[in-house]
Number of protein chains: 2
Amino acid sequence: MSWKFTPLELKRLCPVPSDIDIALAQTPKDIDVLAAEIGLQPNEFDCYGKQKAKVHLAAYERLESRKNGNYVLVTGINPTPFGEGKSTTTVGLCQALGACLKQNVFACLRQPSQGPTFGIKGGAAGGGYSQVIPMVDFNLHLTGDMHAITAANNLLAAQIDTRIFHETTQSDEALFNRLVPRTQGERHFSAIQVCRLKKLGISARSPAALTEAERRRFVRLDIDPSSITFHRVLDTSDRYLRKITIGLANSERGLSREAQFNITPASEVMAVLALATSLDDLKQRLGRIVIGTSFDGEPITADDLGCTGAMTVLLKEAFSPTLMQTLEGTPVFVHCGPFANIAHGCSSVIADKIALKLVGENGFVVTEAGFGADLGMEKFFNIKCRYSGLTPSVVVIVATIRALKCHGGGPPVALGSPLPDEYTKENLDLVREGFCNLRKHLENCAKFGVPAVVAINRFKSDTENELLLLKELCIRHGAAAAAVSNHWAEGGQGALELAKSVQSAALHATSAFKFLYPLEMSIEEKLETIAREIYGAGSIELSQRARKKIALYAEQGFDRLPLCIAKTQLSLSHDASKKGEPRGFAFPVRDVHASVGAGFLYPLAGDIMTMPGLNTRPCFYDIDLDTETGRVMGLF
Amino acid sequence: MSWKFTPLELKRLCPVPSDIDIALAQTPKDIDVLAAEIGLQPNEFDCYGKQKAKVHLAAYERLESRKNGNYVLVTGINPTPFGEGKSTTTVGLCQALGACLKQNVFACLRQPSQGPTFGIKGGAAGGGYSQVIPMVDFNLHLTGDMHAITAANNLLAAQIDTRIFHETTQSDEALFNRLVPRTQGERHFSAIQVCRLKKLGISARSPAALTEAERRRFVRLDIDPSSITFHRVLDTSDRYLRKITIGLANSERGLSREAQFNITPASEVMAVLALATSLDDLKQRLGRIVIGTSFDGEPITADDLGCTGAMTVLLKEAFSPTLMQTLEGTPVFVHCGPFANIAHGCSSVIADKIALKLVGENGFVVTEAGFGADLGMEKFFNIKCRYSGLTPSVVVIVATIRALKCHGGGPPVALGSPLPDEYTKENLDLVREGFCNLRKHLENCAKFGVPAVVAINRFKSDTENELLLLKELCIRHGAAAAAVSNHWAEGGQGALELAKSVQSAALHATSAFKFLYPLEMSIEEKLETIAREIYGAGSIELSQRARKKIALYAEQGFDRLPLCIAKTQLSLSHDASKKGEPRGFAFPVRDVHASVGAGFLYPLAGDIMTMPGLNTRPCFYDIDLDTETGRVMGLF
């Protein structure tokens, strides 16, 4: 069934105005109108203002027996620092499929962090005539999910240190009396305390029945402060919080320790929310979050700290994806935005699941994964699809002539510096040389059994010869199709060729999706598989510390989790300067961490920044509110 | 004009069930229905889900020529640690006026912080049959205002340290080139940079026209790290953040300093939002926030740091109060919740202003102020009413037999311990003795020229004789009326006598509102006036530090601001153990701080805790989400 859907007309100007001017020039449909168009029933969504709504799992439950639509992943080659336009392509493709080709289509995007929004110019709502609107909302609080994640994360973080404090300053007896207080003469364990009893293998459920030794085990988590890997977060770029000492007030009696704040997208809670398949799954994953170990090396969880229920309550609205729309009025889900290095970099499972039911069997759900395909696509398949059980239909790999030239040996490019001539004048050799990077991603796609369409995101300076050459190379090396796309300047109309290619690939190309590795493989084997098969490494090199951690996780039973490798996005390898298709290198892993709640281990290849800073002139110098009109100025 | 208003029927049970059971048993009206009932037009509000809406200033602007309703302040005697039920009385009174007496009535309440919500049992949505619903929303994220305040606060906080870092590590030249970069060949000052030029008295507006000395003054704020009084905030009770060292990562090159986090309600941004009378006033107050001084002692502001516009943008939705309803379907605004010690402890000016227009000339707006009348009422009058220009009609002073007995010499009471017999059995002497505390608040009320009605918040153990005695005493000592109120057990019906007394006082008693002091008084004089007239002190005692700060603020021109004294709420004096009506004591001021953006100085009498901690068994041990039904459990 096709939606009774009215697109918004795009009045395009040339030259293309600024993103915010384009966004503010378009009047979005009232969100309840869009919700009705795509078949949502009134009890299945809640409006947040007139242009945003939260869509509830109830919609999925009603449509559970309906077949899923086509599931399209937008990924990219290894980018330059400018980015190659994955979000813009996702939006443009959806505008083409929905507004031009009248297909049922949903875009599922990540929510940006306020840190970069107020630091470095550049939003995540797409750009030009391919944007999500209202873009100001998209880039600010939206419906509060990011803040709810911050709150849930920090409740657990506060409880970790507070519990250490209380255990250090109280006897077993005092702790027990406080943890299991007498109310109206009786002591009872709360539900979350029963979880701990079960974990400890204590069968008694009546507080009076515990032996002294059992009481001690029950009340003492004995957290080793040096083992704590769960950090506080803020959604602000605040470099001074990268390393801090906490607990210096007299009230903490000298129990200070070194700690850190990360930016909210780096929170494990974000990854948990993005991977949860139901409210119950969300709660279970939160409860499993490991914050560190006891002095005996036992993993300590959110359940042990009694936080699971409260965290779930704090996240109950954040679990519903936010419905918005593109400039051409097609539906968009915005939901979650985990880091693409220390986490899996994809928007939520639940948004995709609801969207796949709403579009129905012949419709399309287009989603994206962070960074290049070596990181984003690999994790999308091996982590997100594994947990969601959803099967991808088509992969779209976004490439630009500019980035390929860079991979082909063009001079280095940097933000804020003018582009060298190689990038603004025809240079077929550089394109031909640099194609190896795209070729490798096409090969990788084939390893997962999913057909790939290349989206050549067109820039003004690209020549017809360059574009023609690139298309030929793509087809010759296994792409199901390659389409030049001009959605930035032209909206959906500019992505028509791409949209038709995706349609055709979904219909005709064979998709036989398979994972790259089984979960039963050892951690080392998984690491080696990803490094060799996806990155093109010749071997892996484990540091002493990484070996120790791998042994520890195996002992703790976490070795059956998928891997989420943290490395640079700028190269297929671990070394940002290695462009093109590096081969046979030794891939070094310096450490391995665990996000047990989210459900993955994350090996670290290099230093990963988890708290950005503000530059000397952050972009907020231009941001202002016109208090007469309420109009936001200077946001992109 | 009377609203066409349909109350919700209250199906009362006896004994009174738990707050959450009562709240969940009632079905709220859809918020758009309530909005229509109270005369809001569709473009004047935005729904956030089906039971909350944000109401915009547009409603006020449309009704600007309409006369204001009666403006009723609910305050209290000096409380016991249990609290005496101001919020519950506010809600019960509104249910009585609106649902029973068919008056147009609005309650304007503060939004609670998530810190205490997840720490110590006890919400701020009222209790029993006098509550705001949905109470779960009320106590959680609501419409995100608290989080927006956190974000705006922390953007400024991050920029303070980052700016210090950039100034320390860069030459004047490099700073200027970065702060005023060439875009398409030209350098321009942004609007916020022009503010700084004006402040510095630099007349040039073209970057090239600045002399080297002017450039230096422009780029170097020269912030003295030891002078910084603007702190980071989190809406989490996290005691380990009371004192921290920041900037310990290598990337900060040794520029560490001691810092602290406060809980969000303690943020000056919260006080600014609560006092702003328009979006433009909000922006100007934010821009005036003083974060510390330069090494030369010059105050450094948010404007100097370039943050004002971005902070205003982050707060633009938070500026609109949230519409909810009572258990009996009368309208409630929930907006802002500044601390009642280091800030003024009142909900927002803007909510009151909109509500006073909506209820119209004969209607009622009932709002509350934090802590006892010595703090809350005094600040409500001298700070909030001064900035809003609104004139109070009636004050309701909430008193309980229990608290008066405590003031009369009853044994100490504490949370979690059983009440001594004196509080559960008739004891007229203790009531008579303790009345002096209430009498002093009645006298204070008279000093402002506003009639006072005493609301005796009834407890089961109160005897008829005790209540009768108290009523007599109140009338004899200047109360316009005294009414026993049983709204906790009976809802609006239980507050009928109180409602009629308030109606009558508004109609018949003479209100000749005046401030306690003129702004032109010196800081010492203002301090002495409040301490003598309101607290009953004989003198003030300024520490060395306080004297120094008073001199500094006078020099900086901040001595014309009203005062916001931070002291204990448990006594009229600075000493929590001094019950009843202490007289003639020396009131000690150890320090004075400034919230220049909010618009007050806050002298400190004693240690004020600005970051709570979690106890050994925080109430979140009982909080859970039933993932089948979505029902929140254990929240109060």
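Rule-based calculations on the coordinates, nothing more; no lab input. What you are looking at is a predicted structure, and each value in this text was computed from that prediction instead of being measured. Here the Cβ is made from the backbone with ideal geometry for all residues, glycine too, and neighbour counts use every protein chain on show.
Just a few scattered comments:
- Listed pairs B:243/B:316; A:460/A:578; B:54/B:357 exceeding 24 Å between Cα atoms: B:243/B:316; A:460/A:578
- Inter-copy separations for residue B:226, label at 7 Å along Cα-Cβ, nm, ascending: 3.5
- Theoretical ellipticity at 222 nm over chain B - DSSP helices of four or more residues, -39500 (n - 2.57) apiece, nearest 500: -9500 deg cm²/dmol
- By definition, a body whose alpha carbon gyration tensor gives a ≥ b ≥ c is prolate when a/c is 1.5 or more and a/b is larger than b/c, and chain B fits this prolate description.
- Cα gyration tensor category, rounded, prolate or oblate, for the stretch A:50-184 with a/c compared to 1.5: prolate
- Charging the Cβ of each Asp and Glu at -1 and of each Lys and Arg at +1, and nothing else, the dipole of chain B about its Cα centre rounds to 780 debye.
- Over the protein assembly as shown, the hull volume per residue, using the convex hull of the C-alpha atoms, is 167 Å³.
- Label-point spacing at residue A:2 relative to the other copies reads 5.6 nm, in ascending order, each point sitting 7 Å out from Cα along Cα→Cβ.
- Least to most buried among A:308, A:80, B:610 (fewest other Cβ within 10 Å first): B:610, A:80, A:308
- Computed with the Debye formula from one identical point scatterer per Cα of the stretch A:484-555, without solvent, the log10 of I(q)/I(0) at q = 0.27 Å⁻¹ comes to -1.15.
- Inverting the pair-averaged 1/r between distinct Cα atoms of the stretch A:242-400 gives 17.9 Å as its Kirkwood hydrodynamic radius.
- Which of A:159, A:73, A:608, positive extreme of dipole for chain A (C-beta unit charges): A:159
- Between 0 and 90 degrees, the angle of helix B:349-359 with respect to the longest Cα principal axis of chain B falls at about 50 degrees.
- When +1 charges are put on Lys and Arg Cβ atoms and -1 charges on Asp and Glu Cβ atoms, the dipole computed for the stretch B:32-138 relative to its Cα centre reaches about 180 debye.
- Relative contact order [Cα under 8 Å, 6+ residues apart], the stretch B:126-228, whole percent: 23
- Considering only chain B, percent of DSSP beta bridges that pair antiparallel, nearest 5: 45
- Coil-residue trypsin sites (Lys or Arg not before Pro) of the stretch B:159-218, DSSP, other Cβ within 10 Å capped at 16: B:205
- Using only alpha-carbon positions in the stretch A:282-321, the gyration tensor eigenvalues give semi-axes of 24, 9, 6 Å once each is multiplied by 5 and square-rooted (largest first).
- Separation between Cα centres of the stretch B:393-411 and the stretch A:143-203, rounded to whole Å: 36
- Segments B:462-470, B:66-74, B:346-354, A:586-594 sorted - mean Cβ within 10 Å per residue, highest first: B:346-354, B:66-74, A:586-594, B:462-470
- Projecting the Cα positions of B:491, B:321, A:60 onto the charge dipole of the protein assembly as shown (unit charges on Cβ atoms of Lys, Arg, Asp and Glu, taken about the Cα centre) puts B:321 furthest along the positive direction.
- Placing a label point 7 Å from the Cα of residue A:425 along the Cα-to-Cβ line, the residues of the stretch A:457-481 whose backbone N sits under 18 Å from it are A:460-467.
- Residue B:468 versus residue A:211: modelled label distance in nm, points set 7 Å from Cα along the beta carbon direction: 6.4
- Each other copy holds its own label point for residue A:362; taking that point as 7 Å from Cα along Cα to Cβ, the gaps run 6.4 nm, nearest first.
- Nearest 10 degrees, 0 to 90: helix B:145-169 Cα axis against chain B principal axis: 20
- Only lysines eight or more places from residue A:447 in sequence, or on another chain, were considered; those with a Cα closer than 18 Å are A:379, A:384, A:514, A:526.
- Euclidean distance between Cα centres, the stretch B:542-606 to the stretch B:209-232, Å: 29
- Fraction of antiparallel bridges per DSSP, the protein assembly as shown only, in percent to nearest 5: 45
- Taking every residue in A:156-166 and counting other chain Cβ atoms within 10 Å of its Cβ, the average works out to 5.
- Sequence-separation-based contact order of chain B, relative, with Cα cut under 8 Å and 6+ spacing, percent: 21
- When only the Cβ of Lys, Arg, Asp and Glu is charged (+1, +1, -1, -1), the dipole of the stretch B:466-622 relative to its Cα centre reaches about 180 debye.
- Looking at the stretch B:284-386, the chymotrypsin sites (Phe, Trp or Tyr not before Pro) that sit in a DSSP loop and have at most 16 other Cβ atoms within 10 Å of their own Cβ are B:295.
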